[in-house]
Structures are given as C-alpha cells and as structure tokens.
Amino acid sequence: MTYGEILFRTATSFIALLVLTRLLGKKQVGHLTFFNYVTGITFGSTTAEIIVNKQITLLQGISSLILWSLLAFIVALTGLRSVKAREILDGQPTILVKQGKILEKALAKQHLNIDDLSMLLRNKDVFSPEEVEFAILEPDGQLSVLKKEELLPATKKDIKATLTPIHRIPTELIVDGKIVEKNLVKMDVSVVWLNQQLKKANIHSLDQVFYAELQLDGTLYIDKYQDSIP
C-alpha cells in the first residue's frame, strides 16, 4: 500500500466518520452510556482497519461504517419508543446514598468502592455523605447529588427578593475579532451601538477584541487579545 493510498483512505474514512457521527446526534459525543461507548469503540476500530488493512477495500470499510450507523440509529430509535428497550440499552439510575446513608449493596453492584464514591461526591463539591439527601449514579456514569434541605443555598424565592424575568441568555457578538452578524439580528442590536460600546472601553478596532458578549442586563462584556492583568 503506497503512502498516497494510505492518505486517501485516511481522509475518506475521516470524512465518513465525521458525517456519520453528526447524523447519529450529539449524544454520541457527549457523556457516554454503555451503548454509546460500544458504538464509539466500534467506529474507531473499524476506521483504523479501513486505513491500514489493505485486504479491506475502501468500499467495504465505508459500507461497514454505514451499516453500523444504521443499526445504531435503529437501536436508538427503539430506545426512544420503548421504555423497556431504553432500560436494557442505557441502564437505570442507581441510588448510592440515601438520607446520608451509603447503600453498600448498590455500591458493590456498580463495582464502585468508597474511594470512587468520595471522588464523585467531591466533584459535586460535597465532602461528606452526611451532607447528602440523595446521590444517584446516572446511566452515563455521572453522579447527581441533592444535598439535605438545610444545606441548600437560599434562593430569591426563599428570601422573597424581587424577581426579574430573564428574556435572553448571554450571547456572543464578537469572536476572534469578527462580528457575529446573526446574533446581532437575533438580539436586535445594531453595529452602531456595538461600536459605541467598544469606544467607551477605549477600543478602536475589532482586531483588539478576542471576545465580546451581550450580558443579561444589556451591558457588553469585552475580552481583549492582550489584557493588562496586574
């Protein structure tokens, strides 16, 4: 197999893998369930075989990827329509801590030890199981934690503070020195207003701006390429 053929097979496999992964959706590249994990491993190994194994033609390799993608799509569609199938494919959430008590049997069933649990809790800014009302291991391996009521932070509703409705989210207006035109239109902001805000910040060229974002309160957050940090 010549270097040219290897390069061609690599480029073709890369494009095919990229297209098929996009078609399968964001879940495939997000937090993995068991089924997503198996699919990802199979995609990777099949692509590697296509590139280096000259006994497999490019057409055969791409056909294999397409067939696997089709099967993965059918299985995912089945999971959407059937609760039982979804439980088999993705698994179910498992309660590991309840009302401050560690459920040892549930921990052992998930092949986790106390050190694993402690690490997962610390990732959620919890340093003792005693603080936890419920800790649930999700099918994608992430831990969801609900602290005990007395340890939950007070909300505006709790202290009866005035609530301000949120009608938009922070939105990027400039990225890498270029205006994001579609966001200007979406946020009903003019280029004139944007330039005025930049001038107020002593910025006279878009080339100086690495990132600019419209905040919830209507102000503009600006990050320059070369910030003066004391």
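The values are calculated or read from the model by the stated rules, or taken from the named source; none is laboratory data. If you're wondering where the values come from, they're calculated on a predicted model, not measured in any experiment. Here Cβ is always computed from backbone atoms with ideal geometry, including for glycine, and neighbour counts include all displayed protein chains. Ligands, DNA and RNA are excluded from the accessible area calculation, which covers all protein heavy atoms including side chains. Shrake-Rupley method; radii C 1.70, N 1.55, O 1.52, S 1.80 Å.
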Rounded to the nearest 0.05, FRET efficiency between Ala85 and Thr171 (Cβ-Cβ, R0 30 Å) equals 0.20
From most to least accessible, 1.4 Å probe, no ligand or DNA/RNA atoms counted, Asp188, Asp125, Asp176, Asp223 line up as Asp188, Asp125, Asp176, Asp223
Here the gain from full extension of Ser118 to Gln60, 0.36 nm per residue of separation minus their alpha-carbon distance, amounts to 16.2 nm
Taking r as the C-beta separation of Lys200 and Tyr225 and R0 as 22 Å, the FRET efficiency to the nearest 0.05 is 0.75
Phi angles of segment 190-201, converted by Karplus (6.51 cos²θ - 1.76 cosθ + 1.60, θ = phi - 60°) into ³J(HN,Hα) in whole Hz with x for Gly and Pro, give 8, 5, 4, 4, 4, 5, 5, 5, 5, 5, 4, 8
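Quote the relative contact order of segment 57-184 in percent (integer), defining contacts as alpha-carbon pairs under 8 Å separated by 6+ residues.
Taking the mean separation of contacting Cα pairs over the length of segment 57-184, I get 17 percent.
Just to make sure I understand: if all protein chains stay in place, what is the order of Lys156, Lys109 by accessible area at 1.4 Å, largest first?
In descending accessible area the options line up as Lys109, Lys156.
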Ignoring ligands and nucleic acids, Tyr221 exposes an accessible area, probe 1.4 Å, in Å² to the nearest 10, of 110
Extension length gain for Lys157 and Val185 (0.36 nm per residue less Cα distance), in nm, is 6.7 nm
So for R0 = 41 Å, FRET eff. of Ser128-Tyr211 from the Cβ-Cβ r, to 0.05, ends up at 0.60
For Lys186, the accessible surface traced by a 1.4 Å probe with all protein chains present amounts, in square angstrom to the nearest 10, to 140
